[in-house]
1. From VAL180, VAL200, which residue is part of a strand (DSSP E or B) and open to solvent by 10 Å² or more (accessible area, probe 1.4 Å)?
2. Look at the range 18-56 and say how many of its residues are within 18 Å of the chain's Cα centre (by Cα) and assigned to a strand (DSSP E or B).
3. Of everything in the range 304-324, what is open to solvent by 20 Å² or more (accessible area, probe 1.4 Å) and not basic (Lys, Arg)? Give them in sequence order.
4. Quickly run through the range 183-197 and pick out the residues that are open to solvent by less than 40 Å² (accessible area, probe 1.4 Å) and closer than 18 Å to PHE253 by Cα.
5. Pairs needed: first member in the range 10-25, over 15 Å from ARG69 (Cβ atoms); second member anywhere, at pLDDT 90 or above and surrounded by fewer than 13 Cβ atoms within 10 Å (Cβ to Cβ); C-beta distance under 8 Å; at least 6 residues apart or different chains.
6. Which residue, of ALA210, ALA166, is in contact with a Lys or Arg (Cβ under 8 Å, 6 or more places away or on another chain) and over 23 Å from ASP274 (Cα atoms)?
7. Take the residues in the range 314-346 that are in a loop (DSSP other than H, G, I, E, B) and hydrophobic (A, V, I, L, M, F, W, C); name whichever of them is nearest to SER31 (Cα to Cα).
Amino acid sequence: MSRSIVRQSKFRHVFGQAGKTEQGYDDIRVSKVTWDSSFCAVNPKFLAVIVESSGGGAFLVLPLSKMGRLDKNHPLVTGHTGPVLDIDWCPHNDNILASCSEDTTAMVWQIPDQMGTRPISEPIVVLEGHSKRVGIVTWHPTARNILLTAGSDNLIIIWNVGTGEALISMDDHPDLIYNVSWNRNGSLFCTTCKDRRLRVCDPRKREVVAERMAPHDGIRPMRAIFTRDGNLFTTGFTRMSQRELGLWDPTSFEEPIALLELDTSNGVLLPYYDPDTNMVYLCGKGDSSIRYFEITEEPPYVHYLSTFSSKEPQRGMGFMPKRGVDVSKCEIARLYKLHDKKCEPIAMTVPRKSDLFQDDLYPDTAGSDPALEPEEWLEGRDEDPTLQSLRDGYVPPKSRELKVAKKNVLDTRPTTRRSMSSCDGSANLPVLLTTQTEVKVAEVYVGSRQLLQDGAPQSRQRCTS
């Protein structure tokens with residue numbers, strides 16, 4: 001008599017549970033733009049949702065604690081002149097959010113801890129470099145202030161938002177780019193494109209280091225993400241319009257590590273990956289279910305775990321970073337499901353009897369401190385994310401202001417420069433005063449001029465900075 005061997009895994013019994021009605025966010029008019037983005041971004045402080053608005057594009061930012069019915073007077077973030085297509089929270093500062101729009105720009109916003117009553121309409125920096133709509137925005141996982149944008153002009157631009165400069169531009173894609181995903185240390189990123197190719201790109205070398213033609217036979221949009229081991233997890237369609245997923249080794253693209261057919265549906269499967277547990281959550285637009293899988297080193301490599309089902313279809317989905325989950329309830333992931341007019345949190349939990357901290361469920365996870373400065377990354381240095389323990393839970397830090405020092409502001413925005421002679425006639429001060437030192441020098445200059453005009457003794461004063 002043979003016994004069936006059950007695969008050992010601590011995630012075999014993960015179950016999803018929707019939050020109670022009072023724990024949701026109601027009266028949110030989710031955007032109806034026909035674009036395959038998640039429309040939602042979340043971090044341990046805020047929930048951001050792209051919403052319908054007149055006179056341009058807008059999105060809503062809510063503190064996570066502000067549950068229930070949305071106040072009609074709650075301010076929106078309104079700076080784009082066209083519909084917003086994608087948003088992404090900075091992994092190193094919970095108050096910084098990037099957005100992109102059909103108006104061909106990307107913008108970076110500072111969200112205050114205490115939202116006022118007026119709309120936020122002034123971004124910290126506007127990134128202008130695309131000639132068509134910008135549909136993808138994603139932050140570098142380990143380097144401070146590095147942001148990637150991709151537009152319908154088939155161009156990928158990597159920015160330093162601390163200076164507003166475009167650092168790298170790549171035009172290797174002949175058609176529309178569907179998605180972009182960084183690897184764990186940010187040395188490479190992968191893309192899927194309308195030409196049906198899956199590419200792995202090295203941005204600092206400005207070249208495609210590996211590519212695979214048609215990892216899925218269908219012509220509908222694909223998605224791809226990096227796993228923690230450096231493999232690629234993809235979702236796509238077969239020729240018969242069946243949805244399928246694949247696992248690939250980018251060093252040998254000839255044959256997949258795993259290829260699995262799922263079902264027949266038109267919705268694009270959006271993958272959300274947790275590197276700590278090596279689990280993938282698949283959310284299809286228009287679906288009413290979330291499937292989750294575990295990736296292992298043993299065949300069949302991608303193991304189906306379970307499905308969370310509900311009655312209403314989802315318009316989009318947000319995925320909470322690991323530092324924002326509730327470790328006291330053995331919660332290993334939390335997703336925010338967008339309905340037509342509300343947002344519903346869904347907790348993924350591993351059942352445990354003990355109330356103690358579960359070390360095996362919560363290895364040290366990526367924290368909010370960057371591992372690299374922009375200049376270090378640009379020079380070729382790579383570092384894994386800075387890790388932190390979740391044993392005592394995660395307390396979001398206070399708001400930190402993103403300071404933008406535009407090195408090239410005088411090149412991009414011509415301004416009339418006026419020469420000001422200082423006290424000893426050796427210093428020239430530009431009209432644009434950007435540092436405290438320049439402001440002090442200007443005050444000394446203005447004061448000395450006033451003394452001369454008032455007939456004061458024309459003694460030579462000593463400049464101080």
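1. Answer to the check: VAL180.
2. Going through the range 18-56 one residue at a time, the tally reaches 9.
3. Within the range 304-324, TYR304, LEU305, SER306, THR307, PHE308, SER309, SER310, GLU312, PRO313, PHE319, PRO321 meet the criteria.
4. ASN183, PHE189, CYS190, THR191, THR192, CYS193, ASP195
5. Sorted first by the residue in the range 10-25, then by its partner, the pairs are LYS10/ASP360; HIS13/PRO351; PHE15/PRO351.
6. Of the residues listed, the single one that is in contact with a Lys or Arg (Cβ under 8 Å, 6 or more places away or on another chain) and over 23 Å from ASP274 (Cα atoms) is ALA210.
7. Filtering first and then ranking leaves MET320.
Residue by residue, here is whether (1) open to solvent by 90 Å² or more (accessible area, probe 1.4 Å); (2) at pLDDT 90 or above; (3) under 14 Å from LYS342 (Cβ atoms) holds:
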position	(1), (2), (3)
SER4	yes, no, no
GLU22	yes, yes, yes
TYR25	no, yes, yes
PHE39	no, yes, yes
VAL51	no, yes, yes
GLY55	no, no, no
PRO63	no, yes, no
ASN73	yes, no, no
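The values are calculated or read from the model by the stated rules, or taken from the named source; none is laboratory data. Model, not experiment: these values are computed from the prediction. Because the Cβ atoms are built from the backbone with ideal geometry, glycine has one as well, and the counts that use them run over all protein chains shown. For accessibility, only protein heavy atoms count, side chains too; no ligands or nucleic acids. Shrake-Rupley method; radii C 1.70, N 1.55, O 1.52, S 1.80 Å.
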